[in-house]
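Everything on this sheet refers to the single structure shown next.
The values are calculated or read from the model by the stated rules, or taken from the named source; none is laboratory data. Given the structure is predicted, the values throughout are model-derived calculations rather than measurements. Because the Cβ atoms are built from the backbone with ideal geometry, glycine has one as well, and the counts that use them run over all protein chains shown.
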Amino acid sequence: MAREGSSRAPKKKYCKLCFEKVTFVDYKDDRKLQRFVTDRGKIVPRRVSGSCARHQAQIMRAVKRARVLALLPYTNDQAR
(Lines give C-alpha, C1' and ligand atoms only; values in the text may rest on other atoms or scores of the structure.)
Protein backbone atom coordinates (compact mmCIF):
# COMPACT_ATOMS: atom_id res chain seq x y z
CA MET A 1 0.00 0.00 0.00
CA ALA A 2 1.53 3.34 -1.07
CA ARG A 3 1.55 6.21 1.37
CA GLU A 4 0.89 9.81 0.41
CA GLY A 5 4.46 11.06 0.78
CA SER A 6 5.99 7.98 -0.81
CA SER A 7 8.26 8.60 -3.82
CA ARG A 8 8.40 4.95 -4.82
CA ALA A 9 7.90 4.47 -8.56
CA PRO A 10 5.49 1.78 -9.80
CA LYS A 11 6.97 -1.43 -11.17
CA LYS A 12 8.12 -1.08 -14.79
CA LYS A 13 5.96 -3.07 -17.19
CA TYR A 14 7.59 -5.00 -19.99
CA CYS A 15 6.38 -6.46 -23.25
CA LYS A 16 5.56 -10.12 -22.65
CA LEU A 17 5.76 -10.84 -26.37
CA CYS A 18 9.28 -9.37 -26.65
CA PHE A 19 10.27 -11.45 -23.62
CA GLU A 20 8.94 -14.61 -25.35
CA LYS A 21 10.70 -13.50 -28.60
CA VAL A 22 7.46 -13.50 -30.61
CA THR A 23 8.07 -12.04 -34.07
CA PHE A 24 4.49 -12.16 -35.35
CA VAL A 25 1.17 -12.26 -33.49
CA ASP A 26 -1.08 -14.78 -35.26
CA TYR A 27 -4.84 -14.20 -35.36
CA LYS A 28 -5.47 -17.97 -35.15
CA ASP A 29 -3.82 -18.24 -31.72
CA ASP A 30 -6.91 -17.33 -29.69
CA ARG A 31 -5.37 -18.32 -26.33
CA LYS A 32 -2.56 -15.82 -26.71
CA LEU A 33 -4.98 -13.12 -27.90
CA GLN A 34 -7.31 -13.78 -24.96
CA ARG A 35 -4.65 -12.32 -22.63
CA PHE A 36 -4.98 -8.97 -24.39
CA VAL A 37 -8.79 -8.82 -24.45
CA THR A 38 -11.02 -8.01 -21.45
CA ASP A 39 -13.96 -10.15 -20.40
CA ARG A 40 -16.21 -7.65 -22.17
CA GLY A 41 -14.32 -8.07 -25.44
CA LYS A 42 -12.31 -4.83 -25.44
CA ILE A 43 -8.66 -4.72 -26.47
CA VAL A 44 -6.44 -3.90 -23.49
CA PRO A 45 -4.41 -0.67 -24.01
CA ARG A 46 -0.62 -0.54 -24.01
CA ARG A 47 -0.37 1.27 -20.69
CA VAL A 48 -2.25 -1.59 -19.01
CA SER A 49 -0.79 -4.59 -20.84
CA GLY A 50 2.76 -3.21 -20.99
CA SER A 51 3.32 -4.30 -24.58
CA CYS A 52 5.54 -2.35 -26.96
CA ALA A 53 4.14 -0.30 -29.84
CA ARG A 54 5.01 -2.86 -32.53
CA HIS A 55 3.39 -5.77 -30.71
CA GLN A 56 0.36 -3.69 -29.69
CA ALA A 57 -0.30 -2.88 -33.35
CA GLN A 58 0.02 -6.58 -34.22
CA ILE A 59 -2.31 -7.50 -31.34
CA MET A 60 -4.89 -4.98 -32.52
CA ARG A 61 -4.78 -6.29 -36.09
CA ALA A 62 -4.93 -9.93 -34.98
CA VAL A 63 -7.87 -9.37 -32.61
CA LYS A 64 -9.84 -7.57 -35.31
CA ARG A 65 -9.17 -10.38 -37.80
CA ALA A 66 -10.11 -13.02 -35.23
CA ARG A 67 -13.39 -11.20 -34.56
CA VAL A 68 -14.27 -11.16 -38.25
CA LEU A 69 -13.63 -14.91 -38.46
CA ALA A 70 -15.65 -15.49 -35.25
CA LEU A 71 -12.65 -16.82 -33.31
CA LEU A 72 -13.15 -14.07 -30.73
CA PRO A 73 -16.43 -12.39 -29.79
CA TYR A 74 -17.04 -8.69 -30.44
CA THR A 75 -18.79 -8.31 -27.08
CA ASN A 76 -20.05 -10.40 -24.20
CA ASP A 77 -23.81 -10.95 -24.64
CA GLN A 78 -24.41 -11.59 -20.93
CA ALA A 79 -23.03 -8.18 -19.91
CA ARG A 80 -26.45 -6.92 -18.73
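Per-structure values
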{"quantity": "Odd one out for Ala70 among (1) in a loop (DSSP other than H, G, I, E, B); (2) surrounded by 13 or more Cβ atoms within 10 Å (Cβ to Cβ); (3) not β-branched (Val, Ile, Thr)", "calculated": "(2)"}
{"quantity": "Count of the stretch 48-80 residues which are closer than 15 Å to Asp30 by Cα and either touching a Cys at 6+ places or on another chain (Cβ under 7 Å) or aromatic (Phe, Trp, Tyr) (or both)", "calculated": "1"}
{"quantity": "Selection from the stretch 24-39 of residues that are closer than 27 Å to Asp77 by Cα and surrounded by fewer than 16 Cβ atoms within 10 Å (Cβ to Cβ)", "calculated": "Asp26, Lys28, Asp29, Asp30, Arg31, Gln34, Arg35, Thr38, Asp39"}
{"quantity": "Subset of the stretch 26-67 [of a type outside the set (Asp, Glu), over 18 Å from Tyr14 (Cα atoms) and assigned to a loop (DSSP other than H, G, I, E, B)]", "calculated": "Tyr27, Lys28, Thr38, Arg40, Gly41, Lys42"}
{"quantity": "Every pair of residues 6+ apart whose Cβ atoms lie under 9 Å, when the first sits in the stretch 22-43 and is under 16 Å from Arg65 (Cβ atoms) while the second is among the aromatic types (Phe, Trp, Tyr) and modelled with pLDDT of 90 or more", "calculated": "Val25/Phe36; Leu33/Tyr27; Ile43/Phe36"}
{"quantity": "Only one of Lys42, Lys21 that is surrounded by 11 or more Cβ atoms within 10 Å (Cβ to Cβ) and charged (D, E, K, R)", "calculated": "Lys42"}
